[in-house]
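Asker: Take this structure first; my questions come after.
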Amino acid sequence: MDNYLDKTASLTPLAKRVICDKATEYPHTGSYNLVMTTGTYLCRRCGLALFRGESQFSSGCGWPSFDDNIVQAVKQIPDRDGRRMEILCSRCEAHLGHVFTGEYFTQKNLRHCVNSASIDFVADNQVLDTEEAILAGGCFWGVDHFLKQISGVLRVEVGYTGGVTAEPSYEQVCQGNTGHYEAVRVIFDKAKTDYHHVLKRFFEIHDPTQKSGQGPDIGQQYQSAVFYYNQEQRAEAEILLQMLQKRGYQVATRLFSAQTFWPAEEYHQDYYIKHHKAPYCHQPVNRFG
């Protein structure tokens with residue numbers, strides 16, 4: 001098995017039960033029942049491209065359905081129940097769901113019945129492999145706005161991480177007693193950019209020296225932090241922090257190992273795009289020369 005970024009640490013309990021323990025989400029409850037004609041679905045655990053949007057169809061079963069998969073991305077093994085065929089990510093073996101034939105929903109007579117919790121959608125038709133960063137730098141609306149502009153970034157999801165409260169709401173996090181940071185989950189195409197470039201831009205679009213929060217937003221939930229998935233990501237963050245310190249910046253950014261990432265409410269996603277506004281407390285600054 002080739003080397004890949006294992007993102008298990010950031011999975012919600014539901015996603016962990018599905019991906020790791022082979023559970024099934026309730027029908028009609030997932031995020032991806034709406035048929036997409038373009039884009040790509042990725043493995044939530046390792047970021048490998050699994051299905052193209054053009055292969056998705058509506059089966060009425062309550063789970064995303066696909067009549068084809070990307071070559072060599074999905075593997076099949078007999079299910080433990082002895083009756084069905086389980087489908088797994090071919091790289092990290094994340095449980096995806098089951099595959100069925102003989103139903104004739106489409107000409108290919110094939111239905112990959114997939115749990116939404118097992119996949120991520122990105123609006124790109126060509127991507128084959130991705131990586132991910134989890135970053136906190138003040139109000140997540142502004143971080144989301146600027147990191148989306150990086151060439152090769154496919155998706156930015158805002159949410160909460162680093163705290164102790166399960167399934168926190170925005171109101172709970174704003175009270176400042178859940179331990180969570182407002183954060184973003186950045187998915188990028190490995191063929192077009194890398195973790196170093198994403199992280200470098202992150203340090204340029206917020207003030208990593210502010211200890212109390214970010215701009216006018218004060219509180220632990222607005223402080224600067226990097227949540228790393230492995231030692232390679234941690235080492236990259238330390239290199240950039242050292243570069244900033246050598247340039248005279250008293251950096252306050254903290255480094256933590258990745259923890260459960262709870263997606264924020266839908267009205268927070270793509271906030272500035274939805275409201276046709278610009279960030280008020282994030283401004284790009286060339287800090288690396």
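The values are calculated or read from the model by the stated rules, or taken from the named source; none is laboratory data. These numbers come from a predicted model, not from an experiment. In this analysis, Cβ positions are derived from the backbone assuming ideal geometry, glycine residues included, and neighbour counts consider all displayed protein chains. Remember, those area values only see protein heavy atoms, side chains included, never the ligands or the DNA or RNA. Shrake-Rupley method; radii C 1.70, N 1.55, O 1.52, S 1.80 Å.
Asker: Hey, if we sort Phe100, Phe227 by accessible area with the 1.4 Å probe, largest down, what's the order?
Answerer: Phe100, Phe227
Asker: Which sequence of Ser151, Ser169 reflects their accessible areas, 1.4 Å probe, from the largest down? Walk me through the numbers before you get to the answer.
Answerer: Numbers: Ser151 95, Ser169 35 Å².
Largest accessible area first, the residues go Ser151, Ser169.
Asker: Can you give the accessible area of Thr37, probe radius 1.4 Å, in Å² rounded to 10?
Answerer: Ignoring ligands and nucleic acids, Thr37 comes out at about 110 Å².
Asker: Of His28, Cys113, Met85, which is farthest on the positive side of the dipole of the range 23-122, counting Cα position, with +1 on Lys and Arg Cβ, -1 on Asp and Glu Cβ, and the Cα centre as origin?
Answerer: Met85
Asker: So which trypsin sites (Lys or Arg not before Pro) in the range 1-46 pass both tests, a DSSP loop state and at most 16 other Cβ atoms within 10 Å of the Cβ?
Answerer: Values: sites: Lys7, Lys16, Arg17, Lys22, Arg44, Arg45; in loops: Lys7, Lys22, Arg44, Arg45.
When the trypsin sites (Lys or Arg not before Pro) of the range 1-46 are filtered for loop state and at most 16 Cβ neighbours within 10 Å, Lys22 remain.
Asker: With an 8 Å cut-off on Cα pairs and a minimum separation of 6 or more residues, tell me the relative contact order of the chain in percent.
Answerer: It rounds to 18 percent for the chain.
Asker: Could you work out [θ]222 nm for the chain from helices alone, using -39500 (n - 2.57) per DSSP H run of at least four and dividing by all its residues? Round to the nearest 500 deg cm²/dmol.
Answerer: Per the formula, -5500 deg cm²/dmol.
Asker: Compute the length gained on full extension between Lys190 and Asn109: take 0.36 nm times their separation in residues and subtract their Cα-Cα distance, giving the result in nm to one decimal.
Answerer: Gain in length upon complete extension: 25.8 nm.
Asker: Something else: In vacuum, with every alpha carbon of the chain counted as one equal point scatterer, what does the Debye formula give for log10 I(q)/I(0) at q = 0.07, 0.08, 0.10, 0.13 Å⁻¹? Two decimals, please.
Answerer: Those come out to -0.27, -0.36, -0.55, -0.89, one per q.
Asker: What FRET efficiency comes out for Gln76 versus Ile218 if R0 is 35 angstrom and r is the Cβ-Cβ distance? Round to the nearest 0.05.
Answerer: 0.10
Asker: Now for a separate question. With charges set only on the Cβ (+1 for Lys and Arg, -1 for Asp and Glu), what does the dipole of the chain come to about its Cα centre, in debye to the nearest 20?
Answerer: Using Cβ point charges on Lys, Arg, Asp and Glu, the chain gives about 380 debye.
Asker: Would you mind checking the range 112-141 for residues with the amide N under 19 Å from a putative spin-label position 7 Å along Cα→C-beta of Met85?
Answerer: Correct set: 112-115.
Asker: Where nothing but the Cβ of Lys and Arg (+1) and of Asp and Glu (-1) is charged, how large is the charge dipole of the range 23-122 around its Cα centre, in debye to the nearest 20?
Answerer: Here the range 23-122 has a charge dipole of around 160 debye.
Asker: May I ask which residue of Thr130, His196, Val158 lies farthest towards the positive end of the charge dipole of the range 120-235, with charges of +1 (Lys, Arg) and -1 (Asp, Glu) on Cβ and the Cα centre as origin?
Answerer: His196
Asker: Between Arg247 and Asp270, how many nm apart are label points set 7 Å from Cα along the C-beta direction?
Answerer: Distance between the two pseudo-spin positions: 3.2 nm.
Asker: Please calculate the 1.4 Å probe accessible area of Glu54, with all protein chains present, and give it to the nearest 10 Å².
Answerer: About 150 Å², ignoring ligands and nucleic acids.
Asker: Next question, about the same structure. Taking only protein heavy atoms into account and a 1.4 Å probe, give the accessible area per residue of the chain in Å².
Answerer: Details: 13340 Å² over 289 residues.
Roughly 46 Å² per residue, with all protein chains present.
Asker: Would you mind checking the radius of gyration and Dmax of the range 132-193 based on alpha-carbon positions, in Å?
Answerer: Radius of gyration, then largest Cα-Cα span, for the range 132-193: 12.7, 40 Å.
Asker: To the nearest 10 square angstrom, what accessible area does Asp21 show with a 1.4 Å probe?
Answerer: Per-residue accessible area (Asp21): approximately 100 Å².
Asker: Tell me which cysteines of the chain come out unpaired when the rule is another cysteine's Cβ under 4.7 Å.
Answerer: Here Cys20, Cys61, Cys113, Cys139, Cys174, Cys281 come out as lacking a disulfide-compatible partner, given the Cβ-Cβ threshold of under 4.7 Å.
Asker: On to the next question. Share of the chain's accessible area from carbon and sulfur, percent, 1.4 Å? Display every interim value, and only then the final one.
Answerer: Values: 6540 of 13340 Å².
After summing per-atom areas, the C and S share lands at 49 percent.
Asker: To continue, here is another question. Keeping every protein chain in place, order Ile77, Ile239, Ile205 by accessible area at 1.4 Å, biggest value first, i.e. largest first.
Answerer: Numbers: Ile77 60, Ile239 85, Ile205 0 Å².
The ranking, largest first, comes out as Ile239, Ile77, Ile205.
Asker: Cα-Cα over 27 Å: which of Lys16/Lys200; Lys75/Lys108; Lys211/Lys274?
Answerer: Lys16/Lys200; Lys211/Lys274
Asker: Just how far, in whole angstrom, is the range 66-96 from the range 159-211 if you go by their alpha carbon centroids?
Answerer: 32
Asker: Let me ask something else. Calculate the dipole size of the range 130-275 relative to its Cα centre from +1 charges on Lys and Arg beta carbons and -1 charges on Asp and Glu beta carbons; express the result in debye to the nearest 20.
Answerer: 500
Asker: Residue farthest toward the positive end of the dipole of the range 23-122, with Cβ of Lys/Arg at +1 and Asp/Glu at -1: which of Phe100, Leu50, Trp63?
Answerer: Leu50
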